[in-house]
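Trainee: Here it is, the structure in full.
The values are calculated or read from the model by the stated rules, or taken from the named source; none is laboratory data. Please read these numbers as outputs of a predicted model, since none were measured by experiment. All Cβ positions, glycine included, derive from the backbone under ideal geometry; neighbour counts span all protein chains shown. Keep in mind that these areas ignore ligands, DNA and RNA; they rest on the heavy atoms of the full protein, side chains included. Shrake-Rupley method; radii C 1.70, N 1.55, O 1.52, S 1.80 Å.
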Amino acid sequence: MKSPLSQAQLGVYYACETSVSDEVNYQNPFVYALPDNVDLERLQSAVLATLKAHPYMCGHIELDDEGMPMMVTGDTPLVRNIELSEQEWGEAQKTFARTMDVHGERLYRAEIYEVESQKQKVESYLYLDVHHVISDGFSHAVLARDISRAYNG
């Protein structure tokens with residue numbers, strides 16, 4: 001499905017398009033440290049259900065025949081599960097909030113990390129990075145709330 005961008009979305013889109021540096025990005029990354037008793041499969045299902053409930057999350061931008069940006073929704077939601085060592089976790093964090101290509105790429109990243117420390121303890125994290133063209137700080141709180149509600153039934 002294609003739909004026009006709102007005025008606010010157009011503003012963010014054009015700011016992205018006129019940026020001369022990859023160091024300027026328009027994303028809202030969050031890393032949530034998860035409690036020890038979290039069921040990661042259930043969390044993944046909850047994140048997928050939440051993404052499906054908010055179809056704009058599974059979209060990207062394409063230009064129409066007149067060159068106007070349009071939101072295209074309908075992409076399949078994706079949540080990656082990643083197991084890492086403590087050292088690999090440190091390296092992975094350096095890649096967080098990397099610039100997204102608004103044309104054709106999902107406008108979010110959702111990843112669940114299981115990190116094994118040197119003490120053989122496993123720590124878990126939920127990483128959500130959502131492009132500002134589809135989310136701001138307030139709507140990110142709504143997304144987190146909906147994931148929690150889906151997880152808790």
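Trainee: Expressed as a whole percent, how much of the Cα-Cα distance distribution for the chain exceeds 28 Å?
Mentor: On the way: 2857 of 11628 pairs.
Within the chain, distances greater than 28 Å cover 25 percent of Cα pairs.
Trainee: Hey, which lysines would be in cross-link range of Lys52, C-alpha to C-alpha under 24 Å, not counting anything within fewer than 8 residues on its own chain?
Mentor: Filter leaves Lys2.
Trainee: A further question on this structure: How much of the accessible area of the chain, probe 1.4 Å, is carbon plus sulfur, in whole percent? Don't skip to the answer; put the middle values down first.
Mentor: On the way: 4490 of 8850 Å².
C and S fraction of accessible area: 51 percent.
Trainee: Comparing Gly59, Gly74, Gly90, which has the greatest mean-square fluctuation in the GNM of the chain with Cα pairs linked when under 10 Å apart?
Mentor: Per the Cα network of the chain with a 10 Å cutoff, Gly90 tops the list.
Trainee: Using Cα springs under 10 Å in a Gaussian network model of the chain, which residue among Tyr26, Tyr56, Tyr14 shows the largest mean-square fluctuation?
Mentor: Tyr14
Trainee: Summing Lys, Arg as +1 and Asp, Glu as -1, what charge do residues with Cβ under 14 Å from the Cβ of Asp36 carry, Asp36 excluded?
Mentor: Details: positive: Lys119, Lys121; negative: Asp39, Glu114, Glu116, Glu123.
Residues close to Asp36 contribute a combined charge of -2.
Trainee: Angle, helix 7-18 long axis vs. longest principal axis of the chain, Cα atoms, 0 to 90°, nearest 10?
Mentor: The two axes meet at around 80 degrees.
Trainee: Per 0.36 nm of contour for each residue apart, how much would the distance between Ile82 and Ser148 grow if the chain were fully extended, relative to their Cα-Cα spacing? List each step's numbers first, then the result.
Mentor: On the way: separation 66, 0.36 × 66 = 23.76 nm, distance 2.03 nm.
Difference between extended and current length: 21.7 nm.
Trainee: I've got another one for you. Can you sort Asp146, Asp101 by 1.4 Å-probe accessible area, starting with the largest?
Mentor: Sorted descending by solvent-accessible area, the residues read Asp101, Asp146.
Trainee: OK, next. In a shell of Cβ-Cβ distance under 15 Å around Cys58, excluding Cys58 itself, what net charge do Lys and Arg (+1) and Asp and Glu (-1) give?
Mentor: Residues close to Cys58 contribute a combined charge of 0.
Trainee: To test your reading of the geometry: what angle, between 0 and 90 degrees and rounded to tens, separates the Cα axis of helix 137-151 from the longest principal axis of the chain?
Mentor: Between helix and principal axis, roughly 50 degrees.
Trainee: Let me ask something else. Rounded to the nearest 500, what is the chain's calculated 222 nm mean residue ellipticity when only DSSP H runs of at least 4 contribute -39500 (n - 2.57) each, over all residues?
Mentor: Working: 4 runs with 49 residues, N = 153.
Helix-only estimate at 222 nm: -10000 deg cm²/dmol.
Trainee: Name the long-range amide H neighbours of Asp75: under 5 Å, sequence gap of 5 or more, or other chain; modelled H, no Pro or chain starts.
Mentor: none
Trainee: OK, next. Which one, Leu63, Leu107, Leu78, has the greatest fluctuation when you compute a Gaussian network model over the chain with C-alpha springs under 10 angstrom?
Mentor: Greatest mean-square fluctuation among the candidates belongs to Leu63.
Trainee: To continue, here is another question. The range 30-52 to the range 118-153: how many Å between their Cα centroids?
Mentor: Here the two parts' Cα centres lie 7 Å apart.
Trainee: Sticking with this structure for a sec: Can you give the convex hull volume per residue for the Cα atoms of the range 54-140, as a whole number of Å³?
Mentor: Values: hull volume 8.9 nm³, N = 87.
Expressed per residue, the convex hull around the Cα atoms of the range 54-140 is 102 Å³.
Trainee: Once phi is turned into ³J(HN,Hα) by the Karplus curve 6.51 cos²θ - 1.76 cosθ + 1.60 with θ = phi - 60°, what whole-Hz value does each residue of the range 44-50 show in order, with x for glycine and proline?
Mentor: Along the range 44-50, the couplings run 4, 4, 5, 5, 4, 4, 5 Hz.
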